[in-house]
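Colleague: My questions will all concern the structure given below.
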Amino acid sequence: MSWRDVRCGEPRADDVGRKLTVAGWAARRRDHGGLVFVDLRDHTGLVQLVVNPERSPVAAELAKEIRNEFVLRAAGEVVARSPETVNPKMPTGEVELHVDELEIVSRSTPLPFQLEEENVDEVLRLRYRWLDLRRESMQQNLRLRATVVSTIRASMEEQGFIDVWTPGLTLGTPEGARDFLVPVRLQPGTFFALAQSPQLFKQALMIGGFDRYYQIATCWRDEDLRADRQFEFRQLDLELAFAEREDVLEVLEKVVVASFESVGKKPPERPFPRLSYADAMLRYGSDKPDLRFGLEIQDGTEVTRGSEFGVFAGAPTVRFLVVPQELSRGDLAKLETFAKEWGAKGLAYLVRGSEGEVRSPIAKFLSASEIDALAAPPGSTALFVADELPVVERVLGALRLHLGRELGLVDDTRDALHWILDFPLFQRDEDSGRWTFVHHPFTGALEGHEELIERDPANALSQHYDLIWNGWELGSGSIRIHRSDVQQQIFRAMGMTEEESNAKFGWFLNALQMGAPPHGGFALGLDRFVALLAGEPNIREVTAFPKVASGSDPLTGAPASAPTEALDELGIRVVEQAP
Ligand code: ASP
């Protein structure tokens, strides 16, 4: 016995007259006074079964029991539908299967939701994920994901990379998140950290003579969950030895273009545009700008240095956006509220009417030359933020995105992929006030910036680069430090003593002293990449079994407390948390 001869979505007019067996799930049953119609479904589509008591009384009797999501097997004859019953919306709509034999293979209890229902509560969907996965969108998304993964592998292998597996259980790797700790029964009181990334292992592979490594790596980071973040995620992780930045970018661009093509999407043109971090912050107020629209930020700091308008003259930075519309007072008030939510003290404006006249409460404080330099062309509005640089960047960056969406400036039909280069090496850690890495501490300085590492960390630029798609960060990478002394300098600049750096990274510093080739790499966040390729706003839609925002899994109920014996073996005592 074979379960099926064809898939449900396959029968066509050519098959008329054939005897076929199909198997799948009952998507819908309609009773037409004796005749029973069942839409039988699998991932390829639906086929209509017709159970006629005259043709098969046994099958007709059994068909009365069918409910949605029962698994059926039916054997019968493919028959052409009469012209008025042809369904042009279904690929199998010209035919139906007249059933001779019917088997209920598996039954279903009443369903918590119907598969075609929209807006089903997400927790419910995840609790009954096996049902949810039968829906067309989940079928498409996970299949698209598999296509992308196999394309990535093919592209990487064609480019000479080999797949090497690296451990999940390791020491903490500094990627800027908390580690998940795993207690070790054989050595009570000790813990593995789940790898936040294979960073040091892939660098060790370079030192070990594998010059092109890749892996679809699972990474674990204990961070708050969001639409684009899960505790565990997968990334295309790669590293190249004897490589320059351009070599790494080229590898990634090829992978991205091949992935677009594999899912039938028009690929972006290569080379992808490159923008420096400084430029991105100045023009877009963001290190991951959405370049599907213009609305660039402009700088008014120089022009306002001698201004009589104290708010401008006294602010370290004055920048503005020119909106191609005369905004009303109501609009301006709303935008000011928005700007304040992002930390601005206020939002000054100059509206230039269609005749060239300027309407603004601050106009009287500004000279004619200032107005000329700052006010926009007729029929537009300039919006100003005057403050410390980071505030100005943050507020105008957010305002630009907000206006881009509100005013319909974003061209949704475009895909803007680009690189951001030359990030700073360090940033201040807000809690400790110490310098900390922007990317990770293994990132090399930009050529000529090595001597700034300890002398002037604020101004040291790095060889770190990010790949951005429509304002989403797809991934990051860098050319690494391959000298132990430079690596030590970085640790010192971050305020680590030699003992500390040796305790944490001694093995790696040692490795760097035994013939480390120059190298660099990248990690592309696979979940986000696939979500964007699938046009899904949320990575949970492209993940088979994701967790919800609270960090739990509605399907299995994980995480759960552990049995006392297991904890005893591990030498762990649980302290009750105050509610
Ligand atoms: N390890 C980095 C990350 O996971 C990527 C890299 O620098 O290659 O983000």
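The values are calculated or read from the model by the stated rules, or taken from the named source; none is laboratory data. Please read all numbers here as calculations on a predicted model, not as lab measurements. No Cβ is skipped: glycine too gets one built from the backbone with ideal geometry, and neighbour counts run over all protein chains shown.
Colleague: How many of the residues in segment 165-193 are in a loop (DSSP other than H, G, I, E, B), among the charged types (D, E, K, R) and closer than 25 Å to E239 by Cβ?
Modeller: 2
Colleague: Would you confirm, using the coordinates I've provided, whether S432 is at pLDDT below 95, away from the ligand (no atom under 16 Å from the Cβ) and either part of a helix (DSSP H, G or I) or in contact with a Cys (Cβ under 9 Å, 6 or more places away or on another chain) (or both)?
Modeller: Taking the combined requirement at face value, the residue does not satisfy it.
Colleague: Are any of the residues in segment 138-150 part of a loop (DSSP other than H, G, I, E, B) and modelled with pLDDT of 95 or more?
Modeller: no
Colleague: Residues of segment 456-510 being loosely packed, with under 15 Cβ neighbours inside 10 Å and touching a Phe, Trp or Tyr at 6+ places or on another chain (Cβ under 9 Å), which ones?
Modeller: Scanning segment 456-510 gives A458, G495, T497, E498, E500.
Colleague: Ok, one more. Restricting to segment 156-179, and then to whatever is of a type in the set (A, V, I, L, M, F, W, C) and within 15 Å of the ligand (Cβ to nearest atom), can you tell me which residue is farthest from K254 (Cα to Cα)?
Modeller: L171
Colleague: Restricted to segment 13-38, and to residues that are closer than 28 Å to L131 by Cα and not hydrophobic (A, V, I, L, M, F, W, C), which residue is modelled with the lowest pLDDT?
Modeller: Within segment 13-38, the match that is modelled with the lowest pLDDT is H32.
Each row is one residue, and each column tells you yes or no for (1) surrounded by fewer than 20 Cβ atoms within 10 Å (Cβ to Cβ); (2) part of a loop (DSSP other than H, G, I, E, B); (3) of a type in the set (D, E).
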residue	(1), (2), (3)
T21	yes, no, no
V47	no, no, no
R55	yes, yes, no
A59	no, no, no
A74	no, no, no
E77	yes, no, yes
M90	yes, yes, no
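Colleague: Which numbered condition trips up E239, out of (1) part of a strand (DSSP E or B); (2) more than 11 Å from the ligand (Cβ to nearest atom); (3) not β-branched (V, I, T)?
Modeller: (2)
Colleague: Inside segment 511-528, can you point out the residues that are surrounded by fewer than 16 Cβ atoms within 10 Å (Cβ to Cβ) and either within 14 Å of the ligand (Cβ to nearest atom) or without any contact (Cβ under 8 Å) to a residue 40 or more places away in the chain (or both)?
Modeller: Q513 - this is the single residue of segment 511-528 that is surrounded by fewer than 16 Cβ atoms within 10 Å (Cβ to Cβ) and either within 14 Å of the ligand (Cβ to nearest atom) or without any contact (Cβ under 8 Å) to a residue 40 or more places away in the chain (or both).
Colleague: Give the number of residues within segment 248-268 that are within 14 Å of the ligand (Cβ to nearest atom) and over 15 Å from V148 (Cβ atoms).
Modeller: 3
Colleague: What are the pairs with Cβ atoms under 6 angstrom where one residue, in segment 402-428, is among the basic types (K, R) and the other, located anywhere, is modelled with pLDDT of 95 or more? Sequence gap at least six, or different chains.
Modeller: Within 6 Å, the pairs are R414/R292.
Colleague: Continuing with this model, one more query. Take the conditions of a type outside the set (A, V, I, L, M) and either touching a helix residue (DSSP H, G or I) at 6+ places or on another chain (Cβ under 6 Å) or within 16 Å of the ligand (Cβ to nearest atom) (or both) and apply them to F426. Does it pass?
Modeller: Criteria met by F426.
Residue-by-condition table, conditions (1) under 22 Å from T497 (Cα atoms); (2) in contact with a strand residue (DSSP E or B) (Cβ under 7 Å, 6 or more places away or on another chain):
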{"position": "L403", "(1), (2)": "no, yes"}
{"position": "D412", "(1), (2)": "no, no"}
{"position": "D422", "(1), (2)": "no, yes"}
{"position": "A445", "(1), (2)": "yes, yes"}
{"position": "D466", "(1), (2)": "no, yes"}
{"position": "W469", "(1), (2)": "no, yes"}
{"position": "S476", "(1), (2)": "no, yes"}
{"position": "R480", "(1), (2)": "yes, yes"}
{"position": "S484", "(1), (2)": "yes, no"}
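Colleague: Looking at (1) in a loop (DSSP other than H, G, I, E, B); (2) under 23 Å from the mean Cα position of the chain (by Cα); (3) within 16 Å of the ligand (Cβ to nearest atom), find the lone condition where P441 falls short.
Modeller: It fails just one condition, (2).
Colleague: Can you give me the ranges of the strands (runs of 3 or more DSSP E) entirely in segment 462-575 with at least 1 residues that are of a type in the set (S, T, Y) and farther than 21 Å from A146 by Cα?
Modeller: Once the strands (runs of 3 or more DSSP E) in segment 462-575 are filtered for at least 1 residues that are of a type in the set (S, T, Y) and farther than 21 Å from A146 by Cα, what remains is 464-469, 472-479.
Colleague: Run down L115, L102 and say which single residue is buried (at least 16 other Cβ atoms within 10 Å of the Cβ), touching a residue at least 40 places away in the same chain (Cβ under 8 Å) and not in a loop (DSSP other than H, G, I, E, B).
Modeller: L102
Colleague: Follow-up question, since we're still on this one. Are any of the residues in segment 180-195 within 22 Å of V148 (Cβ to Cβ) and touching a helix residue (DSSP H, G or I) at 6+ places or on another chain (Cβ under 6 Å)?
Modeller: Checking segment 180-195: not a single residue is within 22 Å of V148 (Cβ to Cβ) and touching a helix residue (DSSP H, G or I) at 6+ places or on another chain (Cβ under 6 Å).
Colleague: Which pairs turn up if I take residues in segment 229-244 that are in contact (Cβ under 8 Å) with a residue 60 or more places away in the chain and look for partners that are polar (S, T, N, Q) and away from the ligand (no atom under 13 Å from the Cβ) with beta carbon separation below 8 Å, at least 6 apart in sequence or on another chain?
Modeller: From residues that are in contact (Cβ under 8 Å) with a residue 60 or more places away in the chain, the pairs are Q230/T543.
Colleague: Taking segment 194-236 as the search range and keeping residues that are away from the ligand (no atom under 14 Å from the Cβ) and under 30 Å from G515 (Cβ atoms), which one is surrounded by the fewest Cβ atoms within 10 Å (Cβ to Cβ)?
Modeller: Top of the filtered list is G209.
Colleague: Now for a different question. Here is a list: G525, G557. Which entry is under 20 Å from W130 (Cβ atoms), small (G, A, S) and at pLDDT 95 or above?
Modeller: G557 is the lone residue from the list that is under 20 Å from W130 (Cβ atoms), small (G, A, S) and at pLDDT 95 or above.
Colleague: For segment 266-300, which residues satisfy the criterion of being over 23 Å from the mean Cα position of the chain (by Cα) and crowded, with 16+ Cβ neighbours inside 10 Å?
Modeller: Those that are over 23 Å from the mean Cα position of the chain (by Cα) and crowded, with 16+ Cβ neighbours inside 10 Å: L282, R283, L295, I297, Q298, G300.
Colleague: In addition: Where residues in segment 418-429 are of a type outside the set (A, V, I, L, M, F, W, C) and in a strand (DSSP E or B), which of them is modelled with the highest pLDDT?
Modeller: Applying the filter and picking the extreme gives H418.
Colleague: For the list (1) within 16 Å of the ligand (Cβ to nearest atom); (2) modelled with pLDDT under 95; (3) closer than 30 Å to Y284 by Cβ, I need the number of the one condition that F505 fails.
Modeller: (3)
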